[in-house]
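The values are calculated or read from the model by the stated rules, or taken from the named source; none is laboratory data. This one's a predicted model, so the numbers in the text were calculated from it and none came from an experiment. Every residue, glycine as well, gets a Cβ built from its backbone with ideal geometry; the counts of neighbours run over all protein chains shown.
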Amino acid sequence: MLRLLTSLFAFLDKLLGIFRDGKLEERGRQQTIKEANDELNRQVEVADAAIAVPDPARDERLRNRFDRSRSK
């Protein structure tokens, strides 16, 4: 009887261990996704800031490119 209970508790321990590992893995995935989203948002903010700064040379290049494409 004692061996049966020991085996049962060992089985339950393994089962709970697998469940805990799955939960930790899921948290890891969520953390990775959150970090990727944060990095993406940071890059979007940097890009928005770069666009917001007036750059006459860039504006002239874009105007010339637009004009060339219309004339063809």
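Checking ARG42, ARG27, ARG63 one by one, the residue that is modelled with pLDDT of 95 or more, surrounded by 10 or more Cβ atoms within 10 Å (Cβ to Cβ) and part of a helix (DSSP H, G or I) is ARG42 and no other.
Surrounded by 10 or more Cβ atoms within 10 Å (Cβ to Cβ), within 36 Å of the chain's Cα centre (by Cα), in a helix (DSSP H, G or I) and among the hydroxyl-bearing types (Ser, Thr, Tyr), is that true of THR6?
Values: surrounded by 10 or more Cβ atoms within 10 Å (Cβ to Cβ): yes; within 36 Å of the chain's Cα centre (by Cα): no; in a helix (DSSP H, G or I): yes; among the hydroxyl-bearing types (Ser, Thr, Tyr): yes.
So THR6 fails the test.
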